[in-house]
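Taken together, the values in this text are just the output of simple stated rules run on the coordinates, not laboratory data. Bear in mind that the values here come from a model prediction, so they are computed numbers and not experimental data. Neighbour counts run over all protein chains shown; Cβ positions are idealised from the backbone, glycine included.
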Amino acid sequence: MAQTTSDAHILVSMTYVSRANQDMSPKELGEILQQAQDNNATNGITGILIFNNSIFLQTIEGSRAQINRLLYSLIADQRHHDLQLLETRELEYREWPKWSMNYVPPTKENAAIYLKYSTTIDFNPYLLSAGSARDLMSELSIQQI
Ligand SMILES: Cc1cc2nc3c(=O)[nH]c(=O)nc-3n(C[C@H](O)[C@H](O)[C@H](O)COP(=O)(O)O)c2cc1C
């Protein structure tokens with residue numbers, strides 16, 4: 001479908017959770033990250049990807065047209081499933097302009113930050129409100145600088 005001029009100028013972000021397929025290896029995770037960073041650098045998409053306990057939590061930000069296009073790819077991607085949207089919103093400015101995709105690994109330090117925003121010991125962003133997910137990701141991204 002043709003991209004309208006107005007779509008290309010509206011900055012949005014989308015946050016979702018999904019479950020990695022059971023046989024996801026570190027190599028496969030690395031390939032996903034590389035693919036995300038390469039494509040996003042070309043498409044003007046930025047964001048953050050958190051992976052822990054076999055669950056992805058990702059925010060992507062960019063033009064509304066690009067973000068909608070990527071959503072279709074993500075839903076069709078066989079490397080994860082059970083994709084649920086936590087939030088989509090229009091932005092005045094990007095939260096992560098420096099990162100084509102900032103990866104946040106599961107570490108001890110990060111576990112304490114997950115717990116700060118969670119009711120459960122295990123990282124389970126399916127249970128997070130959009131606001132908590134946003135605050136969690138802001139705090140985690142500061143750790144990665
Ligand atoms: C958890 C997860 C996160 C992903 N994040 C991105 C992303 O940020 N950008 C992107 O282009 N592709 C991302 N992908 C890959 C897309 O689902 C899709 O495979 C890719 O965009 C297709 O790229 P291609 O058209 O160059 O083959 C992600 C995949 C997974 C499983």
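Remarks
- Tally, over the range 25-49, of residues that are farther than 14 Å from residue 103 by Cβ and more than 8 Å from the ligand (Cβ to nearest atom): 5
- Meets criteria (β-branched (Val, Ile, Thr), in contact with a strand residue (DSSP E or B) (Cβ under 7 Å, 6 or more places away or on another chain) and in a helix (DSSP H, G or I)) for residue 48: no
- Whichever residue in the range 100-117 is in contact with an Asp or Glu (Cβ under 9 Å, 6 or more places away or on another chain) and crowded, with 17+ Cβ neighbours inside 10 Å and, among such residues, is farthest from residue 134 (Cα to Cα): 100
- Residue within the range 58-78 that is within 15 Å of the ligand (Cβ to nearest atom), surrounded by fewer than 16 Cβ atoms within 10 Å (Cβ to Cβ) and not in a helix (DSSP H, G or I) present: yes
- Taken over the range 79-99, the criterion of being surrounded by fewer than 19 Cβ atoms within 10 Å (Cβ to Cβ), in contact (Cβ under 8 Å) with a residue 60 or more places away in the chain and within 11 Å of the ligand (Cβ to nearest atom) is satisfied by 81, 83.
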